[in-house]
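A.B. asks: Once you've had a glance at the structure underneath, I'll fire off some questions.
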Amino acid sequence: MEEPRTEPVTLTTDRLVLRAPQESDVDAVLAACQDAEIQRWTVVPSPYRREDAEYFVRDLAANGWRTGENRIWCVFERGSDVLVGTQGLVLRHGDPGAAEVGWWATKEFRGRGYTVEAARAVARHGLVELGLRRLEWQAYVGNEGSRAVAEKVGYRFEGTLRSYAEQRGVFHDAWVASLLASDLPDLPDLRP
């Protein structure tokens with residue numbers, strides 16, 4: 001029996017294009033993940049090597065889209081086609097109505113609202129197009145940038161989970177917040 005396939009979905013906003021990572025993105029991902037802040041606040045390997053970027057594009061993202069369980073987008077500025085970050089939406093095993101979201105932004109493009117814009121597009125995709133009931137955002141306590149993005153998108157803070165999120169063998173306290181379809185004020189305008 002053939003395994004079901006999920007084709008990558010491209011999302012667009014006024015300023016951005018979100019698409020599945022491609023082989024041509026390896027160098028840009030490699031360069032972006034040299035940033036100490038990305039390594040500090042995410043689970044990317046540290047140090048980050050070329051083979052890590054190749055694995056991200058060729059295996060993690062490609063297999064995630066193939067199964068539909070881990071949708072990963074590279075986020076590009078419209079017009080310039082410069083990588084500004086990534087977005088991810090991971091479906092929860094055992095809870096088909098929920099998914100976890102995550103993102104990182106390149107150093108040069110932080111503070112411009114691009115991550116908020118991209119995260120809103122991913123939220124709409126998950127809650128409207130996929131029909132999920134709940135999106136969950138988590139971040140290590142102290143990651144104020146990611147928390148600010150989540151709050152601007154409309155995620156509601158639910159608390160702090162002690163010794164919850166693992167990063168390279170160490171468990172950290174984590175903030176958690178959720179977003180429901182009812183939290184999106186413009187939801188009726190997004191339905192097909």
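The values are calculated or read from the model by the stated rules, or taken from the named source; none is laboratory data. What you see is a predicted model; the values in this text were computed from it and never measured. With ideal geometry, Cβ positions are generated from the backbone for all residues, glycine too; neighbour counts draw on all protein chains shown. The protein model used for the area step is the full one, side chains on, heavy atoms only, and it has no ligands, DNA or RNA in it. Shrake-Rupley method; radii C 1.70, N 1.55, O 1.52, S 1.80 Å.
A.B. asks: If you take the square roots of the eigenvalues of the alpha-carbon gyration tensor of the stretch 82-192 and sort them as a ≥ b ≥ c, do you get rounded (a/c under 1.5), prolate (a/b over b/c) or oblate? Mind dumping the intermediate values first?
C.D. replies: Values: a/c = 1.76, a/b = 1.19, b/c = 1.47.
Oblate, since a/c reaches 1.5 and b/c is not below a/b.
A.B. asks: Please report how far the C-alpha centroid of the stretch 80-129 lies from that of the stretch 2-75, rounded to the nearest whole angstrom.
C.D. replies: Their Cα centres are 11 Å away from one another.
A.B. asks: Still on this structure: State, to one decimal in nm², a quarter of the convex hull surface area for the C-alpha atoms of the chain, i.e. the direction-averaged projected area. Spell out each step's value before the answer.
C.D. replies: Values: hull surface 46.6 nm².
Taking a quarter of the hull surface, the average projection is 11.7 nm².
A.B. asks: With only Lys, Arg, Asp and Glu charged, each at its Cβ (+1 for the first two, -1 for the last two), find how big the charge dipole of the chain is about the Cα centre; round to the nearest 20 debye.
C.D. replies: So the dipole magnitude of the chain works out to roughly 340 debye.
A.B. asks: Set the Förster distance to 22 Å, then compute FRET efficiency between SER80 and GLN34 from the Cβ-Cβ distance, nearest 0.05.
C.D. replies: 0.60
A.B. asks: Spin-label point model (7 Å from Cα, Cβ direction): what's the ASP27 to THR160 distance in nm?
C.D. replies: In this crude label model, ASP27 to THR160 measures out at 4.4 nm.
A.B. asks: Taking a ≥ b ≥ c as the square roots of the eigenvalues of the Cα gyration tensor of the stretch 1-55, is the shape rounded (a/c under 1.5), prolate (a/b larger than b/c) or oblate?
C.D. replies: oblate
A.B. asks: From Cα pairs below 8 angstrom and at least 6 apart in sequence, can you work out the relative contact order of the stretch 87-141, rounded to a whole percent?
C.D. replies: Dividing the mean separation by the residue count of the stretch 87-141 yields 42 percent.
A.B. asks: Kindly report the accessible area of the chain per residue (heavy atoms of protein chains, probe 1.4 Å, no ligands, DNA or RNA), in Å². Provide the component values of the computation, followed by the final result.
C.D. replies: Values: 10150 Å² over 192 residues.
Dividing the accessible area of the chain by its residue count gives 53 Å².
A.B. asks: Let me ask something else. Using Cα springs under 10 Å in a Gaussian network model of the chain, which residue among THR106, THR86, THR160 shows the largest mean-square fluctuation?
C.D. replies: Taking springs between Cα atoms under 10 Å, the residue moving most is THR160.
A.B. asks: Report the paramagnetic label zone for VAL43: residues of the stretch 148-174 whose backbone N is under 15 Å from a point 7 Å from Cα along the Cα-to-Cβ axis.
C.D. replies: Output list for this probe position: 164-174.
A.B. asks: Can you give the extra length, in nm with one decimal, that the chain gains between VAL141 and THR12 once fully stretched, where that is 0.36 nm per residue apart less the Cα-Cα distance? Don't skip to the answer; put the middle values down first.
C.D. replies: Values: separation 129, 0.36 × 129 = 46.44 nm, distance 3.06 nm.
Gain on extension, VAL141 to THR12, equals 43.4 nm.
A.B. asks: Roll a 1.4 angstrom probe over the protein heavy atoms and tell me the percent of accessible area of the stretch 64-148 that is carbon or sulfur.
C.D. replies: 47
A.B. asks: Okay, helix-only estimate at 222 nm for the chain: each DSSP H run of n ≥ 4 adds -39500 (n - 2.57), divide by all residues, round to 500 deg cm²/dmol; what do you get? Don't skip to the answer; put the middle values down first.
C.D. replies: Numbers: 7 runs with 50 residues, N = 192.
Result for the chain: -6500 deg cm²/dmol, rounded to the nearest 500.
A.B. asks: Once both labels are modelled 7 Å past Cα along the beta-carbon direction, what's the ASP183-ASP59 spacing in nm?
C.D. replies: 3.3
A.B. asks: Could you pull out which residues in the stretch 42-75 have an amide N less than 13 Å from a spot 7 Å beyond the Cα of VAL90, following the Cα-Cβ vector?
C.D. replies: 42-45, 60-61, 64, 69-72
A.B. asks: Under the definition of Cα pairs under 8 Å and six or more residues apart, what whole-number percent is the relative contact order of the stretch 25-69?
C.D. replies: 41
A.B. asks: For a quick check, take a GNM of the chain with Cα springs below 10 Å and name the residue from SER178, SER146, SER46 with the largest mean-square fluctuation.
C.D. replies: SER46
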